[in-house]
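Okay, structure first, notes after.
Computed from the coordinates by the stated procedures, all read-outs in this text should not be read as laboratory data. Note that this is a predicted model, so its numbers are computed, not measured. Please note: Cβ atoms are built from the backbone with ideal geometry, for glycine as well, and neighbour counts cover all protein chains shown.
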């Protein structure tokens, strides 16, 4: 029995290990990474209703370009005017002005405008200019570096307020991360990103403590939680230069100036709703994240993989060994439970977990379990249909009964045996005509089986020309003895018709005897680990077999236990002399069943 229990666990464990190995292989290929990132974006990236009151964006939009022409014709002179206008009252000036346009190289046609912009910036010293250092690779310490820096012309670099505006995207072209710093060849230290320089200057101006930098990986890259698609969308350079916007409202604030013209190619697809937003709004999102100090860090990928494989292993093990209703409940618990865990980890522990993999693979396992159960139920139905009446079979499947579990259990059953008389003589008669023997046997077995199933009996086995059936197992039946006896009477009733057919075709008179007994027996799956049968064993079975062996052709012998249960419903004949059954020390009272009223059956 212990070996059976071990055997019953080995295969599911091996299957679960194989499934986990397949999942590991799929994860190694990375084919689901893009889907996982998109699912995580949907769960984690949520737009807030109101932006930070400290951040203002002034756009260089299509209206600005239509009025002033291309940037190269006005931007340096115009930007100088903007800086002067915003700083005209030292008591109400912005804490910092971030200009997200690249002023690289001097203007060979108009040196005056270069001078104007440099003088304005140097005068107020609250301007941060954009520079771009695209990552070419990593140095020996895995720190991103750049061989070339698109930096402002010489007059502006004296200000020392510059920040890197390059933002890394991913394989699917969506921006989910920021780059805090980058190492530039020929430059001391590391170049901070544009938004962090602005935030630091704002804190210094307002004498606010700086929140720590976001947790980065070894390459200086951090996860960016977006909060807005656009900041102050209605304000542009025209409004500022025309004096429609009062600079006092920017007192102590961060003013970001950048492109908001689609034609200029400064729009990027971001994780928030997978929408395109302008580069200046990405920097605004970073600054707002610095203020909130909310930077969830991505959990270690190896730990997440191990967690996934454990979840897959135990889910597959559970799905294989559980009832379908429990599998469905478990699937929904895993699905919604994991999403809830991801949400809580993100918002309260500031940890980013892979959203998709565990629910996705659980769904696959669930589909596999449903498919497996469907084919298993179909096969079991076919197999059970050979042994059980459809009514019993329906109850077994409906209740997912444990009555067919491996091993046996004690219970009271009604056992019926039927056996052809003079089968050996018949075999000798038709020894040159084996087809006749097979045909007679099949007709007899078909008829007796039909009678057993008509009265919801369990067909145990055929042993040559002998048939064994029992009632009250695998499910309990209140009228088990009545059902067994009615089946026996139907067999005798149909014997005449079958005899006539066989007599006419083969010149042989078929007859058989029947025995029925009621008592305790062990019923269950009995056998070896290689072959098992659902059967009954015990003295009750032996007694029924002995009753059948003593019955004459067309006779039904029943025990006193059966007769007592049938009571007045049955017409019986007591044998003139008690029969000593083989294997029994004492004589057993045997009765011949003649008829039975049609009641107490269903």
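Among 369, 569, 493, 528, the order by Cβ neighbours within 10 angstrom, fewest to most, reads 528, 493, 569, 369.
In plain terms, the chain from residue 123 to residue 439 could stretch by 102.3 nm, reckoned as 0.36 nm per residue minus the Cα-Cα distance.
Sorting 201, 79 from the fewest to the most surrounding beta carbons within 10 angstrom yields 201, 79. Spin-label pair residue 493-residue 42: with each label point 7 Å from Cα along the Cα-Cβ axis, the two points sit 6.3 nm from one another. Estimated at 0.36 nm per residue, the fully extended path between residue 299 and residue 350 surpasses their Cα-Cα distance by 17.4 nm.
Using C-alpha pairs under 8 Å with a sequence gap of at least 6, the mean separation divided by the residue count of the chain gives a relative contact order of 12 percent. The stretch between residue 462 and residue 67 holds 132.2 nm of extra length on full extension. This uses 0.36 nm per residue minus the Cα-Cα distance.
Spin-label model, residue 560/residue 450: points 7 Å from Cα along the beta carbon direction are separated by 3.8 nm.
Shape summary of the range 55-293, radius of gyration then Dmax from alpha carbon positions: 17.1, 52 Å. Our note on the geometry: Cα centres of the range 194-247 and the range 12-39, 40 Å apart. The fewest-to-most ranking of 180, 335 by surrounding Cβ atoms within 10 Å reads 335, 180.
Taking every alpha-carbon pair under 8 Å whose residues sit at least 6 apart, the range 55-293 reaches a relative contact order of 30 percent.
The modelled label-to-label distance for the pair residue 592/residue 89, using points 7 Å beyond Cα in the direction of Cβ, is 12.6 nm. On the beta carbon distance between residue 422 and residue 326, with R0 = 35 Å, the FRET formula returns roughly 0.05.
So, in Å, what gap is there between the alpha-carbon centers of the range 546-568 and the range 317-375? Here the two parts' Cα centres lie 58 Å apart. The DSSP beta bridges internal to the range 55-293 are antiparallel in roughly 35% of cases. As a test of the formula, what do you get for the chain when each DSSP H run with n ≥ 4 contributes -39,500 (n - 2.57) and the sum is divided by the residue count, at 222 nm and rounded to the nearest 500 deg cm²/dmol? The per-residue figure over the chain is -14500 deg cm²/dmol. Shape class of the range 398-596 from the alpha-carbon gyration tensor: oblate, with a/c at 1.5 or above and b/c at least as large as a/b. Take the chain, compute every pairwise Cα distance, and split them into 20 Å bins from 0; I just need the percent in each bin. Binned Cα distances yield the sequence 16, 29, 16, 14, 15, 10, 1. With a Förster radius of 56 Å applied to the beta-carbon distance between residue 206 and residue 33, the computed FRET efficiency rounds to 0.85.
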